[in-house]
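The values are calculated or read from the model by the stated rules, or taken from the named source; none is laboratory data. Since the structure is predicted, the reported quantities are computational estimates derived from the model, not experimental observations. Cβ placement follows ideal geometry from the backbone for every residue including glycine, while neighbour counts extend to all protein chains displayed.
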Amino acid sequence: MDLNALKQKLDTLQQKTPTGGEKRDYTLTFWRPTVGKQQIRIVPSAFNSKNPFTELKFYYGITNKVMLSPLNYGEKDPIALFAKKLREEYTKENYLLAKKLDAKTRVFVPVVVRGEEDKGVRLWQFGKLIYEELLSLAVDEEIGDYTDISSGRDLTIETVGPESTGTQYNKSSVRVRLKQTPLSEDATLVEKWTKEQPDPNGEFKRFTFDEMKAALEKWLSPEDAADEGDIISEPSEDFDDKPSSKFSLDTSKAKETKSDKFDSLFDDDSKNKVDDLPF
């Protein structure tokens, strides 16, 4: 018997919510660097032999849950369509609102963490800065394909905490190890790791068009009218920063509200053809 596999299954079954439902242990699927140095190996993707990286777009702050954009799976996205309409009727307020509604890109890659091989392949997610580092290493002719199962290279991930970054977040950097090594000396493990992987495209709930529309309408028209006001400027969010779930409102100015913008953009047939409307 595979005792490690049985132990993981037992741990999963024993994790219950107070109401008796199962509580998912995301550490079995996702890996996050901790402060210090960790050695990992990026594994060739079981779902795309040419590219181990998967880019996905998410919305943060529309609801209390992260929402996967339908654009990721080739369907219409009402939030993206609304943001597009805002930019077409250009004003400063519309531009700022559209910017807040833009989906944020996160990148996922399958990894094996050295010293934690018993946990199998997990997904590491990151933003622009780490992505650029990894791509730069991949195109460096002196390094080559570091995911190669026979002659690839491990990576050292060094992470510093908030006391070093001056923010509330950790920050990681990547360094490639000089020695070329196989993914594993155990051919059985190599086969398992290259085939048994979590699929980034299947790990997140797919919201319907109507669900996305309803979430947007609720965000635009909060129940408490006192919470609604004019969008004001905030620093632009870097690709690699942890997306913020908050948005700034200036309630001291009696200007057009967000819900007014929604109604005026999508209910005015004199400006927009019905066929072009997302709702």
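Quick look at the values:
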{"read-out": "Some residue of the range 175-185 being surrounded by 12 or more Cβ atoms within 10 Å (Cβ to Cβ), modelled with pLDDT under 95 and not hydrophobic (A, V, I, L, M, F, W, C)", "value": "no"}
{"read-out": "Hits in the range 171-207 (condition: assigned to a loop (DSSP other than H, G, I, E, B) and either at positive phi or free of Cβ contacts under 8 Å to residues at least 24 places away in the same chain (or both))", "value": "E185, D186"}
{"read-out": "Qualifying residue in the range 156-167 (condition: of a type outside the set (A, V, I, L, M), within 24 Å of N64 (Cα to Cα) and under 26 Å from the mean Cα position of the chain (by Cα))", "value": "yes"}
{"read-out": "Some residue of the range 125-147 being crowded, with 21+ Cβ neighbours inside 10 Å, part of a loop (DSSP other than H, G, I, E, B) and either free of Cβ contacts under 8 Å to residues at least 24 places away in the same chain or touching a helix residue (DSSP H, G or I) at 6+ places or on another chain (Cβ under 7 Å) (or both)", "value": "no"}
{"read-out": "Selection status of D118, in contact (Cβ under 8 Å) with a residue 24 or more places away in the chain and surrounded by fewer than 16 Cβ atoms within 10 Å (Cβ to Cβ)", "value": "yes"}
{"read-out": "Residue list for the range 33-64, restricted to those being assigned to a strand (DSSP E or B) and under 20 Å from V190 (Cβ atoms)", "value": "Q39, I40, R41, I42"}
{"read-out": "Odd one out for E117 among (1) in contact with a Phe, Trp or Tyr (Cβ under 9 Å, 6 or more places away or on another chain); (2) closer than 25 Å to R206 by Cβ", "value": "(2)"}
{"read-out": "Residue that is surrounded by the fewest Cβ atoms within 10 Å (Cβ to Cβ), among those in the range 55-74 that are closer than 16 Å to A214 by Cβ and of a type outside the set (G, A, S)", "value": "N64"}
{"read-out": "Residues of the range 143-170 classified as touching a strand residue (DSSP E or B) at 6+ places or on another chain (Cβ under 8 Å) and either polar (S, T, N, Q) or not assigned by TED's automatic domain parsing to the domain that holds I40 (or both), total", "value": "7"}
{"read-out": "Test: L81 is in a helix (DSSP H, G or I), hydrophobic (A, V, I, L, M, F, W, C) and modelled with pLDDT under 95", "value": "no"}
